[in-house]
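Quick notes on the structure that follows.
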Amino acid sequence: MSTMTSLPGGRETAPGEGGRRTRDHARRSNTASPRRRGFGQGLPWLLMVPALVVLLLMTIFPAAYLLWASLHGGTLLGGNGQFVGLQNYVDVLTSVDRLKGFALILVFVVVAVSIQTALGLALAVPLSAQTRSSNIATTIALVPFAVTPVVSALVFRELFNPNYGWVGYFMGLVGLPDDIAWLSSTPLAWVLLIGIDVWQWTPFVALILMAGLKSVPQEPVEAAAIDGASGWQIFRYVKLPMILPFMAIAVVLRTIQAFKTFDSFKVLTNGGPGTSTEIINLEIYRVALQSFRIGAASAIAIVFLILLLTLVPLLLRAVGRGTDEEGV
């Protein structure tokens, strides 16, 4: 016995007719949907076109020009120059002064980032406490990070001036020599340059590590406390392994930033005394903007870039291996 199905509007359909209409509608929808899906999938790429154009103009084109210039001689004032092949690169790799510049920036980065990581961790532990005083202290501690590198260098240059600097004044009050020429001594100049970098960028490392400490779940901390673990044991065996990924991020970011250091060296020592603080960044500046030898400067910059592209992945691998060993 057949039954009829009522539809809106008083119409009736035989059994199965409604199902067939639904399937027909679905087939029509599936037939039209690929176009809509195709447009929807292509829309994000279409919206990215302006950004890609800017990226092309601001990075890829200058990089291509840098590579082209490194294969040519001449100066900015003397036209494009003739093709010299790899001669500029040979000059870079056989120049004692430029190899020394690479070595100096490497030493600076290793020492500065190591100190910043240790001090940043020591600073992040008390500042990560959820108290009003820690919030105020965090704000004060982040002040150096907000100061531009040039301003920091200028301030420190005045503070350590042997004639009227405040550092010499206070040293004289406690019976110490008050006329030390900090920037005329190679060891003292390096201490000052590294000290400025540590002063300015340690808050950056501390900020990242604070985020890591605040993200540590309380359950394992409370369990360790119940088991009788001391505060140091809780930090060493519970919190520290959990914040290693944050420490890795801080080290990698600071390493990349430290390799770009220029302002403090230019303002404070300008490579002196002699050439004892002539890092490769200063050498690129001198060759390009004082001697106007754009080809030679481009070759130095590309060798520097290759050095960075080699060291940063090695650093990432080493940090990742250390994180895996801790079981994070």
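Readers should treat all values here as calculations from the given coordinates under stated rules, not as data from a laboratory. Just so it is clear, the structure is predicted and the values come from calculations on it, not from any experiment. Cβ placement follows ideal geometry from the backbone for every residue including glycine, while neighbour counts extend to all protein chains displayed.
The overall shape of region 87-325 is oblate: from the C-alpha gyration tensor, with semi-axes ordered a ≥ b ≥ c, the ratio a/c is 1.5 or greater and a/b is no larger than b/c. The phi torsions of region 133-140, fed into the Karplus equation with coefficients 6.51, -1.76 and 1.60 and a -60° offset, translate into couplings of 5, 5, 5, 5, 5, 5, 4, 5 Hz, rounded to whole numbers, with Gly and Pro shown as x.
Distance between the 7 Å Cα→Cβ label points at Lys260 and Ala63: 1.5 nm.
Evaluated with a Cβ-only charge set (Lys, Arg +1; Asp, Glu -1), region 87-325 carries a dipole of roughly 340 debye about its Cα centre, given to the nearest 20.
Applying the Karplus relation 6.51 cos²θ - 1.76 cosθ + 1.60 with θ = phi - 60° to region 279-295 yields 3J(HN,Hα) values of 6, 5, 4, 5, 5, 4, 4, 5, 5, 7, 10, 10, 8, 6, 8, 5, x Hz, where x marks Gly and Pro.
Arranged from fewest to most other beta-carbon atoms within 10 Å of their beta carbon, Ser152, Ser264 become Ser152, Ser264. Between Ala146 and Leu76, the C-beta separation translates, for a Förster distance of 45 Å, into a calculated FRET efficiency of about 0.80. If the chain linking Ser215 and Met171 were pulled fully straight, counting 0.36 nm for each residue of separation and taking away their Cα-Cα distance, it would gain 11.5 nm. Straight-line reach from Lys214: taking Cα to Cα under 25 Å and skipping same-chain neighbours fewer than 8 places apart, the lysines in range are Lys239.
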